[in-house]
Amino acid sequence: TQDEVTYKRVLLKISGEALMGDQGFGLHPPTVERIAREVKSVHDLGVEICMVIGGGNIFRGLQGSAQGMERTTADYMGMLATVMNALAMQSALESLGVFTRVVSAIPMDQVCEPYIRRRAVRHLEKKRVVIFAAGTGNPYFTTDTAATLRASEMRCEAIFKGTKVDGVYDKDPVKHTDAKRYDTVTFDEVLQKHLGVMDASAIALARDNHLPIIVFSLDEPGGFRGILRGEGTYTRVT
Ligand code: UDP
């Protein structure tokens with residue numbers, strides 16, 4: 001029931017790669033559906049949900065520019081990739097009966113709504129999941145920064161960053177068996193020690209707006225719902 005959960009409105013950030021399954025590229029519909037079920041289980045608790053999905057499973061601006069493409073053009077391609085991911089997630093959520101709106105930082109009226117802050121807030125109040133697509137709409141940014149920006153604008157209580165591991169470690173837990181997980185860590189520590197939570201501009205924005213980031217594993221079934229109810233392991237960045 002709702003009174004078990006202290007959060008009213010949160011933002012879930014996932015990378016594009018979370019949607020590609022074992023394929024190594026693109027979208028894997030069963031994986032998209034699995035994540036949509038995780039989102040639904042939290043939505044069922046009465047929590048208002050914002051989502052930002054990356055585009056790295058399809059295109060990354062930096063990769064394009066490393067291969068000779070003009071950087072800003074490559075970044076716009078990356079932003080378009082996030083729109084595809086957002087539409088796939090919308091489709092999966094709506095097939096589970098969760099009303100969802102995709103709102104884009106770059107207007108493309110035939111595809112989705114343009115981002116208008118007050119309208120997005122209204123969607124949340126009506127218990128629609130809102131997926132913020134096309135990042136910030138600006139090149140040289142990332143979807144992590146977009147997540148922090150939108151979470152601040154929507155007055156979310158926290159950003160939930162779903163990753164492959166259950167928190168922030170002092171070194172890569174995949175490579176080092178003695179890696180230690182932080183229960184809590186400060187934004188300044190994340191910046192000083194270059195802990196790979198989010199890029200520096202996203203961390204600085206979250207710090208300046210007092211927006212905690214909760215890093216948790218998206219591979220753990222029921223993990224998102226569990227963490228919202230105070231169960232499981234995660235790192236809280238504050
Ligand atoms: N991007 C951008 N501005 C933004 C957000 C994203 O230019 O505000 C571009 C950038 O090229 C980036 C790509 O979109 O590489 C995909 O986003 P991101 O790398 O954040 O995706 P993720 O790593 O989360 O899958």
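Values quoted throughout were computed directly from the atomic coordinates according to the rules given, and no laboratory measurement underlies them. All values reported here derive from a predicted model rather than from experimental measurement. Cβ atoms come from the backbone with ideal geometry, glycine included; neighbour counts cover every protein chain shown.
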Would you tally the net charge around ALA179, using a Cβ to Cβ cut-off of less than 9 Å, leaving ALA179 out, and scoring K and R as +1, D and E as -1?
+1
Would you mind ranking TYR7, TYR234 so that the residue whose beta carbon has the fewest other beta carbons within 10 Å leads the list?
TYR7, TYR234
What list do you get for GLU48, GLU17, GLU125 if you sort them by fewest beta carbons within 10 Å?
GLU125, GLU17, GLU48
Compute a Gaussian network model of the chain, connecting alpha carbons closer than 10 Å, and tell me which residue from LEU96, LEU87, LEU124 fluctuates the most.
LEU96
Taking placed amide H atoms and a strict 5 Å upper bound, the residues 5 or more places from PHE160 or on another chain that come that close are LEU11, LEU12, LYS13, ILE214
Between segment 12-46 and segment 69-112, how many Å separate their Cα centres?
14 Å
ARG122 versus GLU231, label points 7 Å from Cα toward the beta carbon: distance in nm?
3.8 nm
Order by neighbour count: THR184, THR136, fewest other Cβ atoms within 10 Å first, most last.
THR184, THR136
Per-residue ellipticity at 222 nm for the chain, helices alone: DSSP H runs ≥ 4 residues times -39500 (n - 2.57), over residue total, nearest 500 deg cm²/dmol?
-11000 deg cm²/dmol
Which is the longest part of the chain that has none of the trypsin sites (Lys or Arg not before Pro) sitting in a DSSP loop with at most 15 other Cβ atoms within 10 Å?
9-125
Greater than 23 Å apart at Cα, pairs in LYS127/LYS161; LYS40/LYS126; LYS8/LYS180; LYS127/LYS164:
LYS8/LYS180; LYS127/LYS164
Once amide H atoms are built 1.01 Å from N in the peptide plane, which residues 5 or more positions from ILE131, or in another chain, come under 5 Å H to H?
MET51, ARG101, VAL102, VAL103
